[in-house]
Structure formats: C-alpha cells, structure tokens
C-alpha cells in the first residue's frame, strides 16, 4: 500500500511515506497531517494505544491534525448489531474477548483472491482517553456526510457502518471536522 502511494505521489515533494512499528518509538520529523488508516485497531490494550498516540503526537507539528480510520468500535456498545455473514465485501468473526472490554476479530475480505487478518475492537472511550494521555486534544468521531450517489440505498450502511473516521489535533483546539463523501462522482475528480 505504501509503495503504491509513493508511486502515485512521485514528484510531489510535499509528501513523505514511512513504514514503522507504531507501538515503538521512532523519529521521522514533524508533519502538518498524519494519516492513520487502520492503525490503532492493532492495539490490544490501553498501554499500546497510548504508545501509538504518543508516536502520532510526536510526529505532528503544533496545530497538526491526525485523520484516521478504525473499525466501527460502537458495535461493542450493542453486540446484537455485530454484522452476521458477508456485508460490504467483508465478513467479521469474533475470535475472542480481550481485556478492557475489547474483541479480537477476524476480517475476511472478498477480493479477487480472498484473504483474512485479525484486528482489535477496543471501546471508543479508550480511543478518546488515550489520545488525551498522549497529549492530543479535540478527538472527534466524524459523521458520514450525505452520500453523493442518490440511486444507492445507504440506510443499512449508515445504520452500522463497518468503519469510523476520526480526527484529532496537537494544539489544544477541538478538531474541526472534515467532509469525506461516501462516493465521489467520477466527473468531479481531478487528474
């Protein structure tokens, strides 16, 4: 994934891509924005979350933002809502309960060649609490905007989305929110 991003960004000196074990200390400098898609869901407990948030905090310039994606951890608040069977090109199966109210979950993605991996669902309160412990402020779970495609029924997706977006800041101010359309019309994309 990072190699593909490097290829796509070739020649754009504003972007840097790094691969690291985010639970271990590292130094790559400070940035205006840190993108963390599918990162924090590999933390198995509060201490590991604090370690990851601390690395993110150290990697942000003052006033910098983190934008991330995690599994929909709100499912832990109503396990009856946990998806049963394949949905949205994936299937989730609970592997085991873990400490601090979390679940280890096997995710199978039905790509052209299906594959599986495990990740962790920890309570949303832990995400919020541990980001503060690491020095960040303004944690916000983002709401999904209205879909741009009106001929698709998004009600089921929006009732229990498979993922959540979040934002956080490194300057003591509340996160400002960002808008990510569910589907961007092809004609609106820039090349």
Tell me, yes or no, whether the range 142-157 has at least one residue that is surrounded by 15 or more Cβ atoms within 10 Å (Cβ to Cβ) and either at pLDDT 95 or above or in contact with a strand residue (DSSP E or B) (Cβ under 7 Å, 6 or more places away or on another chain) (or both). yes
Could you check the range 53-83 and list, in sequence order, the residues that are buried (at least 19 other Cβ atoms within 10 Å of the Cβ), in contact with a strand residue (DSSP E or B) (Cβ under 7 Å, 6 or more places away or on another chain) and farther than 30 Å from residue 160 by Cβ? 59, 60, 64
Return the pair list, or none, for Cβ contacts closer than 7 Å from residues in the range 55-83 that are touching a residue at least 24 places away in the same chain (Cβ under 8 Å) to residues that are assigned to a helix (DSSP H, G or I) and surrounded by fewer than 16 Cβ atoms within 10 Å (Cβ to Cβ), at least 6 apart or on different chains. 75/81; 76/101
Name, by its number, the condition in (1) under 17 Å from residue 138 (Cβ atoms); (2) part of a strand (DSSP E or B); (3) within 17 Å of the chain's Cα centre (by Cα) that does not hold for residue 69. (1)
Would you confirm whether any residue within the range 79-92 is over 23 Å from residue 115 (Cα atoms) and part of a strand (DSSP E or B)? no
Kindly provide the set of residues from the range 106-127 that are closer than 16 Å to residue 39 by Cβ and surrounded by 15 or more Cβ atoms within 10 Å (Cβ to Cβ), ordered by number. 107, 119, 120, 121, 122, 124, 126, 127
Quick one: is residue 91 within 19 Å of the chain's Cα centre (by Cα), free of Cβ contacts under 8 Å to residues at least 24 places away in the same chain and closer than 26 Å to residue 60 by Cβ? no
Of everything in the range 114-141, what is on the phi > 0 side of the Ramachandran plot and either part of a loop (DSSP other than H, G, I, E, B) or at pLDDT 90 or above (or both)? Give them in sequence order. 135
For residue 24, indicate whether it is assigned to a loop (DSSP other than H, G, I, E, B) and under 22 Å from residue 128 (Cα atoms). yes
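The values are calculated or read from the model by the stated rules, or taken from the named source; none is laboratory data. Just so it is clear, the structure is predicted and the values come from calculations on it, not from any experiment. For neighbour counting, all protein chains shown are included, and Cβ atoms are generated from backbone atoms with ideal geometry for every residue, glycine included.
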